1. Checking B:Ile422 against (1) over 33 Å from the mean Cα position of the chain (by Cα); (2) open to solvent by 20 Å² or more (accessible area, probe 1.4 Å), which single condition isn't satisfied?
2. Quick test for you: out of B:Val332, B:Val318, pick the one residue that is under 46 Å from the mean Cα position of the chain (by Cα), in contact (Cβ under 8 Å) with a residue 40 or more places away in the chain and either part of a helix (DSSP H, G or I) or not assigned by TED's automatic domain parsing to the domain that holds B:Val40 (or both).
3. Which ones in the range B:283-329 are of a type in the set (D, E, K, R) and in contact with a helix residue (DSSP H, G or I) (Cβ under 7 Å, 6 or more places away or on another chain)?
4. With the checklist (1) within 14 Å of chain A (Cβ to nearest Cβ); (2) over 20 Å from B:Asn13 (Cα atoms) in hand, flag the one item B:Glu329 doesn't pass.
5. Please find, among A:Gly9, A:Gly63, A:Gly34, the residue that is part of a loop (DSSP other than H, G, I, E, B), among the small types (Gly, Ala, Ser) and touching a strand residue (DSSP E or B) at 6+ places or on another chain (Cβ under 7 Å).
6. For the range B:363-388: of the residues being open to solvent by 60 Å² or more (accessible area, probe 1.4 Å) and not in a helix (DSSP H, G or I), which is modelled with the highest pLDDT?
7. Would you call A:Val27 open to solvent by 20 Å² or more (accessible area, probe 1.4 Å), among the β-branched types (Val, Ile, Thr) and not in a loop (DSSP other than H, G, I, E, B)?
8. A:Ala38 versus (1) over 28 Å from A:Arg132 (Cα atoms); (2) more than 10 Å from every other protein chain (Cβ to nearest Cβ); (3) in contact with a helix residue (DSSP H, G or I) (Cβ under 6 Å, 6 or more places away or on another chain): which is the lone unmet condition?
Amino acid sequence: MPPLITIRGLRKTYRMGDENVHALDGVDLDFQKGEFVAILGPSGSGKSTLMHILGFMDTPSEGSIVFDGEEVARLDPDRRAWYRSHRVGFVFQAFNLLPRLTIEENVALPLLYRDGSDPAANLAAACAALERVGMTHRLGHRPGQLSGGERQRVAVARAIVGTPSIIFADEPTGNLDVKNVDRVLDLLGSLIKEGITVVLVTHDLSVAEKARRVISMRAGLVQEDRVR
Amino acid sequence: MRLFDRVRPAVINGLRELQANKVRSLLSMSGIILGVASLVAMVTVVQGMVGNFRQFVDAMGGIEKITILREQLPKEQEHLAELSEGLTMRDVERIRRTAPLIRNISPEARVGYEKIVYEDRETNTYVTGVTADYLPVAKRWVEPDQGRFVSDLDVLNMTDVIVLGSAVIPELFAPNVDPVGQVVKVRGRRFTVIGVLNNIEGTGMQIRSANSRSSGGAWRWRNSGAFIPVSTALTKYNGNDRLTGLGLRITDPEQLRDAVDQTERTMLAAHKGLRDFSISTNEQTLEDFRKTEAAFKLSLGGVAGISLFVGGIGIMNVMLASINERIREIGVRKAVGARGSDLFLQFLAEAAVVSVVGGLLGLLVSVGIVTLMNFILTQALPTGAVATLDWVIMGEGLAFSVVIGLIAGVYPALRAAKLDPIEALRHE
């Protein structure tokens with residue numbers, strides 16, 4: 001089976017004052033469908049940049065990315081937005097739920113930006129996603145009324161509502177207590193059974209150990225890529 | 001349809017933001033509220049004034065009326081005074097024959113401010129000798145159930161008949177007496193009342209009570225007066241053939257200037273070159289009024305324009321502040337798939353919602369202002385300027401505020417659309 005994502009010679013260079021900073025300095029990687037991968041590295045290692053580029057939030061300076069058979073390294077902003085709403089899900093450290101929306105509205109948000117989106121169908125899909133993360137008892141609540149663990153589960157529901165191919169979780173446990181860390185990681189891990197690729201971005205080795213494959217990064221390069 | 005699908009959630013979102021930030025939204029709307037209120041109130045009141053004035057000019061015979069009055073000879077012709085005949089019925093004949101642009105000629109011979117007596121009641125009013133042409137020239141009429149006006153036959157036969165103004169009736173007759181057919185006395189001469197002139201009512205409330213003594217303002221004089229055949233007036237009272245004035249009605253208001261020229265030439269020829277008359281029209285009055293109206297519109301429109309402009313800046317300011325507060329939200333929305341255009345629409349819709357709500361509140365305020373202005377104007381002006389709110393004007397005011405809101409929303413919305421999602425998500 002071909003990989004979901006193939007990246008070759010990926011570079012990202014920022015200009016900082018008079019200097020060029022290489023956030024990514026030639027990265028070659030493959031991601032399989034239904035894989036649970038952790039990208040491990042200290043801050044400044046390039047792991048966030050890699051996640052942003054693979055998540056269609058940024059474009060590389062050089063290199064190629066083949067996503068599901070299509071070259072996607074140089075897409076225009078609207079096309080990247082299409083990929084974000086159809087193929088990618090994000091889970092953030094700070095949850096990033098919108099405080100004025102109810103949790104089902106938050107979960108339905110990615111569907112809102114799809115063409116021909118229908119509010120009733122969106123809410124139904126949101127409820128289904130919330131059921132999968134065990135949050136149906138909180139329908140109608142706002143994020144402020146939820147605990148950290150609950151909020152992150154809602155965020156996971158938002159990430160899966162659009163049936164993405166890949167989910168990026170950026171330090172998803174950084175704001176959670178021990179009990180909820182396991183719960184959220186188990187939840188993310190369970191998604192691979194549905195063929196979703198889960199990419200965990202973290203600087204925490206103990207979190208990264210939950211994944212079957214750990215990619216260590218340093219100074220914009222892949223230092224180690226091991227499968228347990 | 002697709003655009004509607006994208007706009008609908010944006011509008012709902014805008015209403016939510018408004019609800020979540022009530023005080024701030026109200027403050028940002030204040031400029032729009034005042035702008036719309038002053039715009040609508042201004043246009044309404046000025047239109048009211050214009051309408052009232054048109055009525056007033058109309059009551060004076062309208063723009064189609066030319067008035068010829070008897071005048072003293074100018075200095076350089078004073079030595080020819082004995083040649084001056086003044087205005088006579090001969091002038092009426094001459095104009096009728098030689099000035100085709102004139103449709104009606106109404107000779108008027110004022111008898112004086114006379115006491116009119118009916119049984120034990122009496123009242124004072126101006127008595128004027130006229131012909132049947134008085135009605136079309138003065139734009140007056142006699143209601144069918146109120147008798148008839150002076151006829152050509154009355155003039156020919158010098159009959160002693162009288163037509164009374166509607167304001168005179170309650171002074172002379174008890175409410176249960178039909179004035180038509182009654183006999184009144186003017187300087188001891190007995191006149192049969194043959195009709196009552198129509199009552200002039202303005203649309204404004206200050207004009208409606210023309211029958212009462214207490215009010216009626218400038219309109220009251222139009223409803224008083226008494227009219228007898230011009231021949232009766234000249235022969236039985238004045239003892240000469242001199243008329244006080246001539247009222248002319250022209251066929252086409254567009255040809256007013258030509259009609260005035262025609263009349264002047266005819267009159268000068270008939271009067272052997274003596275300028276013992278003056279010719280005037282309502283044109284100047286109307287022109288003066290138009291200038292006043294334009295000045296009003298310009299100055300009040302300027303005020304409304306400035307407040308709407310300030311209102312627009314207010315909205316832009318609050319939208320920029322709101323975007324600054326919601327940078328993270330913008331980042332999240334972009335991360336889950338929102339395009340720049342989605343966010344542009346969202347924030348533009350928010351600005352539009354603020355301006356629509358502001359515009360509606362402004363309309364409410366304008367109702368208050370117009371009511372207050374009406375009250376003040378009816379107290380201050382005899383003719384009054386009673387304005388009624390017009391849906392069209394209100395609609396225009398609202399549309400104007402929406403346009404302002406949309407223009408003010410463009411820049412903030414563009415900023416939101418252009419934010420980099422990664423930067424936005426990092427924003428604390």
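1. It fails just one condition, (2).
2. Unique residue meeting the criteria: B:Val318.
3. Listed by number, the residues that qualify are B:Glu283, B:Glu293, B:Lys297, B:Arg328.
4. B:Glu329 satisfies every listed condition except (2).
5. On inspection, the qualifying residue turns out to be A:Gly34.
6. Selected residue: B:Thr388.
7. no
8. (1)
The values are calculated or read from the model by the stated rules, or taken from the named source; none is laboratory data. The structure presented is a predicted model; accordingly, all values stated were derived computationally and were not measured. Every residue, glycine as well, gets a Cβ built from its backbone with ideal geometry; the counts of neighbours run over all protein chains shown. Surface accessibility is based on the protein's heavy atoms, side chains included, excluding ligands, DNA and RNA. Shrake-Rupley method; radii C 1.70, N 1.55, O 1.52, S 1.80 Å.
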